[in-house]
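The structure appears right after this line, and notes come after that.
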Amino acid sequence: MLRAARQQEQAVAAKPSWSIVVFSIGGMKLAARTEDVGGVTPWGDRIPVPSRTPFVGSLVKRDKEVLPVYDLASQLDREAQGESMLCLVARHVDGPMAICIDADIPSLHTVDAAQIRPSRRQDIETVGSFTSDGEEIDIVALQRLGKTRHESLRQ
Amino acid sequence: MSLRGHYKAASANVQAASFLVVRYGTRLCALPSDGVRGVLTKEEAGNGQTVAWVGVTYQNVDLAGLLSITLDTTSPDLRTVLFSNGHSHGAIRVDEVIGLVEVDREHCLPLPPHFQRVERTWVAGMIFYRDELALVLNPEWVLGELGEEVPREAGAKTIGAFTASVEIGKLC
C-alpha cells in the first residue's frame, strides 16, 4: 500500500505537465492520461458473455476487432448518460478494453504536475487527481483497471 | 431435421473447425458440430423434461438460463438441438438454428485475457459468423459436467486468476 502510494507520488513528480483526457460517466467527471487512451468512438452493441470476472462481462465489436468491455459505470454505481454514448478505448496491460462513457465529447487538458496529487479514492485504481473549476477529478489508471494494487505491483 | 444452410466462413481447409450456430434473440452461440445428434421442431421434441430420440434419452438443458437470457418460446423457428459429448446427452431449446459453419482454426479467437475466472472454462472462444460474433461454448459446461458454479461476488473489486481454461485449439 505504502509502496503503491510512493509509486503514485513518484509518477506525479516525474513529469512537468500531464496530458489528460477528461470524460464523464453518469455525470461524474473522470480523467485519464492521454497515453492510456487508444481512442474514442461511438458505442456499439454489447455482446454479453457469461462471466464471473468483476465488471468484465461483455464484448463489443469494432470492425473486425473484438474488445472486452470494462463496466466502469457499474463499478462507480452509475449509468452512462446520453443518447449516443461513447466508447473510450483503454490501453490496458492485458490488451485494449472498451469503456462506455457519457455522450459528452471528452476534452483534452494539460495539467501542471504540481497540481496533481495522490487521489483519496479507494474504489478504483487511480494515478492521482487534480482540481478543475473547483471540482476534484480523479485520474483513472486505465492500464490497471480491474487489477488489485498487489497485482499491479507484481507486473 | 434439416438445417437452414451450411455456410463456409473460410476456404476449404483441413484445419477447419465445424460448429452449429444457434440464436437467442440477437445473440449467437456456436456448438461444436461433432456433438450435434439432431435438430427437432417443437412438435418433434414435445414438452417433456426429456427427449427420446433414436434410442437415446436427452435431458433438457436450459442453455438460455446459463447465458442469463430468455428463450423466446413464441419463436416460429424454435428448435431443440440434441447434443451429446458421449457421456451426457442434452436437449437444448434455442430461438433458431442458424446453420452449420466451418471456420479455419486460425480464425477462432480466444476469449480475451481480461476474462480471468471460471468463464474461461465455459466459453472456448469466439468466431465470426457473417460479420456477427458467436461465442463458442464448451460442451462440458453446456451439458452441466463442470460442477457447481462459482457464486457471483457482488461488488467485488479484486480479480483472482483462474488458472483452468479450455484450450481454444481443442474446440476450434
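Numbers at a glance
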{"quantity": "Filter pass, B:Asp104 being modelled with pLDDT under 95, surrounded by 14 or more Cβ atoms within 10 Å (Cβ to Cβ) and within 19 Å of B:Arg130 (Cβ to Cβ)", "calculated": "yes"}
{"quantity": "Selection from the range A:94-103 of residues that are among the aliphatic types (A, V, I, L, M) and either within 14 Å of another protein chain (Cβ to nearest Cβ) or assigned to a loop (DSSP other than H, G, I, E, B) (or both)", "calculated": "A:Met97, A:Ala98, A:Ile99, A:Ala103"}
{"quantity": "Subset of the range A:56-88 that is over 23 Å from A:Gln122 (Cα atoms) and in contact (Cβ under 8 Å) with a residue 40 or more places away in the chain - its residue that is nearest to the other protein chains (Cβ to nearest Cβ)", "calculated": "A:Cys87"}
{"quantity": "Of the criteria (1) at pLDDT 95 or above; (2) out of contact with any Ser or Thr (no Cβ under 7 Å at 6 or more places or on another chain), which one A:Asp63 fails", "calculated": "(1)"}
{"quantity": "Selected residue (criterion: nearest to B:Pro110 (Cα to Cα)) from residues of the range A:34-52 that are buried (at least 18 other Cβ atoms within 10 Å of the Cβ) and not hydroxyl-bearing (Ser, Thr, Tyr)", "calculated": "A:Val49"}
{"quantity": "Filter result for the condition that a residue is within 14 Å of chain B (Cβ to nearest Cβ) and assigned to a loop (DSSP other than H, G, I, E, B), over A:Arg52, A:Arg91", "calculated": "A:Arg52"}
{"quantity": "Residue count, the range A:128-144 (criterion: at pLDDT below 95 and either in contact with a Cys (Cβ under 7 Å, 6 or more places away or on another chain) or crowded, with 23+ Cβ neighbours inside 10 Å (or both))", "calculated": "0"}
{"quantity": "Filter pass, B:His107 being out of contact with any Lys or Arg (no Cβ under 6 Å at 6 or more places or on another chain) and either within 14 Å of chain A (Cβ to nearest Cβ) or within 27 Å of A:Val66 (Cβ to Cβ) (or both)", "calculated": "yes"}
{"quantity": "Any chance B:Ile98 is of a type in the set (A, V, I, L, M, F, W, C), touching a helix residue (DSSP H, G or I) at 6+ places or on another chain (Cβ under 7 Å) and in a strand (DSSP E or B)", "calculated": "no"}
{"quantity": "Enumeration of residues in the range A:39-49 that are outside any loop (DSSP other than H, G, I, E, B) and over 17 Å from A:Phe23 (Cβ atoms)", "calculated": "A:Arg46, A:Ile47, A:Pro48"}
{"quantity": "Condition broken by B:Arg117, with the remaining ones in (1) part of a strand (DSSP E or B); (2) under 30 Å from A:Ala98 (Cβ atoms); (3) not aromatic (Phe, Trp, Tyr) satisfied", "calculated": "(1)"}
{"quantity": "Top-ranked residue of the range B:123-134 - restricted to ones that are in contact with a Lys or Arg (Cβ under 9 Å, 6 or more places away or on another chain) and surrounded by 23 or more Cβ atoms within 10 Å (Cβ to Cβ), ranked as nearest to the other protein chains (Cβ to nearest Cβ)", "calculated": "B:Ala134"}
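The values are calculated or read from the model by the stated rules, or taken from the named source; none is laboratory data. Given the structure is predicted, the values throughout are model-derived calculations rather than measurements. Cβ coordinates were reconstructed from backbone atoms using ideal geometry, including for glycine residues, and neighbour counts include every protein chain displayed.
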